[in-house]
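Encoded as C-alpha cells, the structure appears first; notes follow it.
FYI, it's all coordinate maths here, none of it is from the lab. The model shown is predicted, which means the values in this text are computed figures rather than measured ones. Glycine gets a Cβ as well: all are built from the backbone with ideal geometry, and neighbour counts include every protein chain shown.
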C-alpha cells in the first residue's frame, strides 16, 4: 500500500513534466551508502527504489552522483530534476517540492567501547 501511495504521489508531482516525457528525468544524489552510491548494486537502495518507481510511471531516468552542495545547487539551477535523498526542511521548500517519505531511517551515534567517558542512553 505504501508503495502505491508513493507511486501515486510521484505521478502527481511529476505530472507537470509530462510534456517532457520523451526526455529522461535527471536524478541526482550524493554518496550515502547503502542508500546511494555508484559502487553499489543499482546505485544503492534509495536510487533503486526511485528509478523503479519512476520507470513504472513511464519515466526514463539518468542518474548522477555529486557532492551534496552541488546536488542542491543543481536542483536550484535546473541542472537536475529530482534530488532523491533529501530530508525535508522549510528552507528547501522555497525551490522544490517534497514527496512523502519512501524510506524510514533511524540515525544513531555509535561510541567506541572502553572509552573513559560513558555515553548515556538517550531516548
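If each residue's Cβ is checked for other Cβ atoms within 10 Å, how do 93, 79, 61 rank with the fewest at the top? Mind dumping the intermediate values first?
On the way: 93 10, 79 14, 61 18.
So the ranking, lowest neighbour count to highest, is 93, 79, 61.
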Worksheet, complete the sentence: If R0 = 35 Å, then residue 88 and residue 112, at their Cβ-Cβ distance, give a FRET efficiency to the nearest 0.05 of 0.65
